[in-house]
Amino acid sequence: MNEQGDDFDAVGNIPNPSGAENGESDHMIDATSGDNDQDGGRMRRAHRHTAYQTQELENFYLENTLPTEDQRYELGQRLNMEPKQVKFWFQNKRNQMKINSDHLENITLREDHDRLLLTQHQLRSAMLHCSCNICGRATNCGDIDYEVQKLIVENTILEREINQLYSKIPSRPNQMLVSPSQPPHCSSSNPGINATPELGLGGGTRTTEKERSMFLDLAIKALKELLELGEMDCPFGKIDSRSSKAVSLINEKYKNASNNVTKPPGHVVEASREIGLVPMTCLTLVKTFMDTEKWVNVFAPIVPVASTRKVIPTGSGGTKSGSLQLIQAEFQVISPLVPKRQVTFLRYCKELRHGLWVVVDVTPDQNPTLLSDGGSINRLPSGLFIEDMANGYSQVTWIEQAEYNESHIHPLYQPLIGSGIGLGATRWLATLQRHCESLSTLSSTNLAEISPGLSAKGASEVVKLAQRMTLNYYTGITSSSGNKWEKIQVENVVQNMSFMIRKNVNEPGEPNGILLSAATSVWFPVKQKALFAFLSNPSFRHVWDTLTHNATMEETIRIQKAKRHGNIISLLKFAGNGMLVLQEIWNDASGAMVVYSPVETNPIEWVKRGGDSDYVQLLPSGFSIMPDGVPDRKGKSKTGGGGGCLLTFGLQLLFSSNPTAELPQGYVKNVEVLMVHTIGKIKSALHIYT
């Protein structure tokens, strides 16, 4: 290639000479012609990649946004492309992702700016016209009592202490723990949750100045503690974060601080920390956490319902830094044997420096005596540090601490919860990574290319339908306060099995009549990975699924949402009866899931053509798999790499299309037999005889 030819790439792009890859920049100038040939200066036509080449490049980009020269050469050989074509494709891709991210942030900032200007105008107008109700004279809006002044002074002192603590943290506080070049591991609010009367959390109540200062004081103290836990010489950094031993020093701190408080039997404290890369910008993540509806949508497997009870003004500048909210939520593990955790907490957001944010949560009233019912928890200072990295990624350090009563948790799940895995930092971070990777995949890839025969709109509706299916599966097992499932009592029921019913009348997306949900949790002496591989393998489906009638399956649609997490949506067709089944699966550090539901042919064909999926009726069933959390011989908890796992099997059935029909005990017993038979067939196939 001559010197002139080296100024062009194979797809008609001219790179900026001050590049970032091997000394070259990601900024590209789009051109309509390519390299000049040596023999006559003729311009080659721009080259368009095939759908297969584009998909393979996209898959590699998810794992590594900056390939080496050898990796580019290997990709070129495999995809019949020149290494220079591969090189400039990756430069264009990085530039495109940066432009899209900047564009979205600019739109959001403009909206925030306009809203703040309107608020400022309203506040100024109110201050100018403020007058005393008695004398009618203008009042001084700055008049506050002595106690509030004292709290403000204490807040200022705490702010200085936080700044001093933060000054000790290097510019990359987590650099020694996770290298930036390491590949990433990668709802709505429900007003049905009742406010806590003791805290005066009614949705329409107004925050007083004294209450505001008290909440802000507590949030700043929690932030100070989280900064200490985020330092590299914290006990978390010296002991495996998944081990129950990692919380020993933290436990001692809270034991010493509450020696004079009577604790109920079963009172425990858990703590965990996890670090990883997330394919989302820092500012976008912050906005997600400070928007309750978006937060619930991201963490749907953990948070079935949440609501913002108060937005507390702090008087701080900036669009998000200094934001303070009071939130009520429920946390869940997908099993009928683990009660949901009811939690009320403050959420405080702070920008520590440019590109580094912290979001901290803490329960306002941490009284251990209120935990005796088993459904409530105290959220000790928890949260995450979010540091902006290159190419649209963020490094997240997640710290989770909780105080609760374990006596109401089934013995099968006590090791899992106590080890900090069930509702600890590992599960929170893995769930965030999987969600963000799926967003990145679905936004950057042509869905029609992923699944031939589907339009982009059709593929989007299939993804939306699968999301509703998994949400319905969760609620059919755990039954949050935001849904209509009711538990029923069954005589002589098998151990660890529960039943619920709901009566549907004109519910969109569900059949009318009486629905029955059955769920059970069982321990398996096999690894999470092995059990997931068996249940998700189409070749073994006939072994346990009675719907197949021993027929073979054909996968007619396949959408890969998050490759690193094995997150795949499929439409399966059974030979013989032609039945269609929608299925979604994944397997990562948060656990594994195999959720499926029969669908009728005409509605799903309508969805595939881009029709609205909201009215497609679903009755989801499936499996949730988590490690058992029992420490191995080396003292480390098993997070899927060894030992046993916990399997939850959930099944939803339509008993009668008549909403007023009575559900006989005989029908429930037949469902119980079906559940036991399915679990037995899985054990037999895996040669488990217990």
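A quick yes/no check of all residues on (1) of a type outside the set (A, V, I, L, M, F, W, C); (2) under 21 Å from N472 (Cα atoms); (3) open to solvent by 10 Å² or more (accessible area, probe 1.4 Å); (4) modelled with pLDDT of 90 or more:
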residue: A551; (1), (2), (3), (4): no, no, yes, no
residue: I585; (1), (2), (3), (4): no, yes, yes, yes
residue: G591; (1), (2), (3), (4): yes, yes, no, yes
residue: V595; (1), (2), (3), (4): no, yes, no, yes
residue: P603; (1), (2), (3), (4): yes, yes, yes, yes
residue: G610; (1), (2), (3), (4): yes, no, yes, no
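Scanning the range 438-463 for residues that are assigned to a helix (DSSP H, G or I) and modelled with pLDDT under 90 yields a count of 16.
Does L75 count as under 28 Å from D291 (Cβ atoms) and either among the hydroxyl-bearing types (S, T, Y) or modelled with pLDDT under 90 (or both)? For L75, the condition - under 28 Å from D291 (Cβ atoms) and either among the hydroxyl-bearing types (S, T, Y) or modelled with pLDDT under 90 (or both) - is not met. The set of residues in the range 533-568 that are in a helix (DSSP H, G or I) and within 19 Å of S597 (Cβ to Cβ) comprises L535, S536, P538, R541, H542, W544.
You will find that of E293, E211, E252, the residue that is at pLDDT 85 or above and open to solvent by 10 Å² or more (accessible area, probe 1.4 Å) is E293 and no other.
Is it the case that some residue within the range 464-477 is out of contact with any His (no Cβ under 9 Å at 6 or more places or on another chain) and assigned to a loop (DSSP other than H, G, I, E, B)? No, because not a single residue in the range 464-477 is out of contact with any His (no Cβ under 9 Å at 6 or more places or on another chain) and assigned to a loop (DSSP other than H, G, I, E, B).
I'd like the full set of residues that are open to solvent by less than 40 Å² (accessible area, probe 1.4 Å), closer than 19 Å to S536 by Cα and not in a strand (DSSP E or B), limited to the range 643-682. If the condition is that a residue be open to solvent by less than 40 Å² (accessible area, probe 1.4 Å), closer than 19 Å to S536 by Cα and not in a strand (DSSP E or B), then G644, M675, T678, I679, G680, I682 are the ones that fit.
Within the range 553-566, the residues that satisfy the criterion of being closer than 23 Å to W428 by Cβ and either surrounded by fewer than 21 Cβ atoms within 10 Å (Cβ to Cβ) or modelled with pLDDT of 90 or more (or both) are K563, R564, G566. Checked against (1) under 30 Å from P411 (Cβ atoms); (2) open to solvent by less than 20 Å² (accessible area, probe 1.4 Å), M497 passes all but a single condition, namely (2).
Scanning the range 526-566 for residues that are in contact with a His (Cβ under 9 Å, 6 or more places away or on another chain) and of a type in the set (S, T, Y) yields T546, T548, T552. Any residue in the range 257-277 that is part of a loop (DSSP other than H, G, I, E, B), at pLDDT 85 or above and open to solvent by less than 50 Å² (accessible area, probe 1.4 Å)? The answer is no; no qualifying residue exists.
Against the conditions (1) part of a loop (DSSP other than H, G, I, E, B); (2) over 19 Å from the mean Cα position of the chain (by Cα), I334 satisfies every one except (2). Here G622 clears all of (1) at pLDDT 90 or above; (2) on the phi > 0 side of the Ramachandran plot; (3) in contact with a Ser or Thr (Cβ under 7 Å, 6 or more places away or on another chain) except the condition numbered (3). Take the residues in the range 341-397 that are surrounded by 21 or more Cβ atoms within 10 Å (Cβ to Cβ) and part of a loop (DSSP other than H, G, I, E, B); name whichever of them is modelled with the lowest pLDDT. Out of the qualifying residues, it is I377.
The values are calculated or read from the model by the stated rules, or taken from the named source; none is laboratory data. Everything numeric in this text was worked out from a predicted model, so none of it was measured. Heads up, the Cβs are rebuilt from the backbone with ideal geometry, glycines too, and the neighbour counts pull from every protein chain shown. Keep in mind that these areas ignore ligands, DNA and RNA; they rest on the heavy atoms of the full protein, side chains included. Shrake-Rupley method; radii C 1.70, N 1.55, O 1.52, S 1.80 Å.
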